[in-house]
Each structure stands twice: as C-alpha cells, then as structure tokens.
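FYI, it's all coordinate maths here, none of it is from the lab. No experiment lies behind these values; they were computed from the predicted model shown. Cβ sites come from the backbone with ideal geometry, for glycine too, and all protein chains shown count toward neighbours.
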C-alpha cells in the first residue's frame, strides 16, 4: 500500500515569497491533516479536512496560510507571504477513521 | 488542559542496553496513546498505539509500551537498543470522538557503539 506522498521534499525561499506544498493521502483515507513541525518541537496541527470539508483550522494563520482539498483527495498548502518563522517541516497525514494517523515524509521549508 | 510531557529531551545509551522513554499525559477523557519515531530527514512512523484492553502493547522494531492510568503515563521500552534506533521519539494523545493528536516535544535518542 502506498503511503502519504508529499512534494516538494525541500524548498528554500526568501521571506515575502510564496510557496506551495502538495499532498496525496493514502487511498481511501477520508481525513487529511497538515501539521507544522518547528525544529526541536512536536508537530502542531494546522488544518484538518474530512473529505473536502474543513473540520478544524483554528491554528492556521489565515492571514498568510491557506489550504484546500479539492475533490476530497489531494491537498495543497500555500504560504504567502512567507516569514522567517515559517521555517519548519510541513507534514501531511491521513487517516481512514478511528484515530490512527499516518504521516508522509514531510516538506522541509527554509525561509531566508 | 490537554497536553503531553516528555521530560527527557535527549537520552544517550550504549548499543545493547535497555531503553525507557517517558511520556506523561493530561487528557480529560479516555485517552488514545501513540508513539511515533522520526529518523533524520524523515516523517513520522507509527511505532505502536493503545486504545483499550491489555495495558502492555507491542509495536514494531521490538518496542513496547505500558499504559498506566493511575500515573497518566505511557512509557516506551526496548530491552536491547540497536544503533539504528537512533532517532527522535514522539508521544501523542488523542481520544474518543476525535482524531486530533496532541504531541509531546520529543526525546532525541543517541546510541553509542
């Protein structure tokens, strides 16, 4: 079974530029998550989708971050404009139901 | 408040030695508990999970964890550590009716030959 796919794996951008990350969840998983993991910290939930609807985006900085999940499958997370403090790993994860969450390998963002 | 505490930021052990990583949680309902491992440059891999039943759960790579409700703990153990176990380990808590996980800050494991 294929895992959660993410791209790009690594990205370096200058502050105030924009960036987009793509995620393809495990086939059949209705729930999709984006987590932010800053160096030295545990992952923090940014947004959770159930099919193509948003369940929780309470910790998403909506002035600069946006996410969508069209057709209830793939998802895109965008940051515009990026700040230095956005340097982190952006982890996509998916879940069929019942609490077990499976993570992708992450997209590593450095803002300079 | 819901939280997870991993009191050890960094642990160093010799290869072949036993390992115990500590995890304490605060959760207002019946907790679901998880341990994930993150190797350098990689995402998080699920090691094991506890939902209910036997409080000693077995996971992949020879790891086990014991749920102790009275102590609000879910410590991870391995009887003999291998050099390839060097990684960051995260404890997480979720609950019935929610699939949102709250993570601890992680414990970095270093293994000496």
* Over the protein assembly as shown, what is the percentage of antiparallel beta bridges among all DSSP beta bridges, to the nearest 5? -> 90
* Peptide B:38-49: average number of partner chain Cβ atoms within 10 Å per residue? -> 5
* How high is the relative contact order of chain B, given as a whole-number percent (alpha carbon pairs under 8 Å, six or more residues apart)? -> 38
* Counting DSSP beta bridges with both partners in chain A, what percentage is antiparallel, nearest 5? -> 90
* To do: Obtain the nm distance between the two label points defined at residue A:16 and residue A:58 by a simple spin-label model: each point lies 7 Å from its Cα along the Cα-to-C-beta direction.
  => 3.5
* To one decimal place, what Kirkwood hydrodynamic radius in Å is obtained for the stretch A:51-112 from all pairs of distinct Cα atoms? -> 13.2
* Structure fact -> For chain A, using Cα atoms only, the Rg and Dmax in Å read 13.1, 40
* Asked: What is the Cα centroid distance between the stretch A:91-112 and the stretch A:15-68, reported in whole angstrom?
  -> 8
* Pair residue B:17, residue A:74: separation of 7 Å Cα→Cβ label points (nm) -> 4.8
* Sites residue B:9 and residue A:29 - FRET efficiency at Förster radius 22 Å, r taken between beta-carbons, to 0.05 -> 0.10
* Counting only Cα, what are the radius of gyration and maximum Cα-Cα distance Dmax of the protein assembly as shown, in Å? -> 17.6, 51
* Counting only Cα, what are the radius of gyration and maximum Cα-Cα distance Dmax of chain B, in Å? -> 13.5, 44
* Per-residue average of Cβ from other chains inside 10 Å of B:100-112 -> 3
* To do: Express the relative contact order of chain A as a whole percentage, based on alpha carbon pairs under 8 Å and six or more residues apart in sequence.
  => 37
* Asked: To the nearest whole number, what is the average tally of beta carbon atoms from other chains within 10 Å of the beta carbons of peptide A:32-43?
  -> 4
